[in-house]
Amino acid sequence: MLRENVKVPKIKEEIDKCWREYPHGLVAYLEKGDIPKGGKGLARYLAKYVVSPPISLRRIIKYDGKKARYWYNDHTTGRRIEEEVDALTFIGRMVQHILPKGFQRIRYYGLHVTCRASRIRKELKDLLEFTYEPVAGTYQVMGSSYRNRIKKSFGIDPLLCPKCGDEMEFEGIWHPKYGWIVDNFDSFFVDEPEIGGRDGERGPVGSAVWSTESVVQL
């Protein structure tokens with residue numbers, strides 16, 4: 001893909017040389033030792049590109065069909081830079097981030113290796129059922145409610161009435177085309193567990209994790 005799209009003869013020569021010397025591809029040599037200073041920040045920066053597009057919609061300021069205006073943070077100065085380019089140039093900058101078909105961007109190792117993850121997870125879960133003492137550092141995470149997710153992400157409570165400010169009661173979700181999608185779904189608003197600040201009570205098969213609704217044992 002790189003060789004097909006590069007038009008500079010000098011660079012094409014270097015790419016062809018690499019293919020001749022390394023017909024099976026390139027392998028990065030990583031020296032053993034401590035993570036260099038700033039390594040964790042670099043890992044967080046690179047991880048964003050694993051699951052996210054190269055640019056978020058909020059960074060696109062304007063698009064009129066011919067030109068696109070967007071902003072980015074200059075890593076050298078730390079300042080916000082705005083740039084306006086024609087539509088084809090903008091699209092060209094985006095499509096260069098599209099990976100080749102079949103490219104594997106994530107690999108799992110150890111207990112998380114893809115081919116054995118389900119079996120290992122089941123075996124560990126079975127072992128915990130026969131563990132009568134709490135396992136240090138383990139707990140069960142319960143799903144966060146829709147209400148808490150909205151409050152955490154946007155800082156607003158979706159169950160407060162926009163008119164009077166009182167708390168509304170959830171009756172269900174109705175769609176003009178499909179009718180009632182959710183009717184009195186109580187678990188739709190289950191609160192998050194309280195796993196910090198106090199220890200759970202020890203049950204017959206392990207330690208317990210408290211939530212505002214119930215106690216879940218591991």
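Every number here is computed from the coordinates shown, using simple stated rules; none is lab data. Small disclaimer: the values here were computed from a predicted structure and weren't measured. With ideal geometry, Cβ positions are generated from the backbone for all residues, glycine too; neighbour counts draw on all protein chains shown.
Odds and ends about this structure:
- Between Leu160 and Met168, the built amide H atoms are under 5 Å apart, and every one of these is 5 or more places off in sequence or on another chain.
- Cα shape, the range 24-128, gyration tensor, a/c 1.5 rule: prolate
- Residues Glu171, Glu21, arranged from fewest to most other Cβ atoms within 10 angstrom of their Cβ, appear as Glu21, Glu171.
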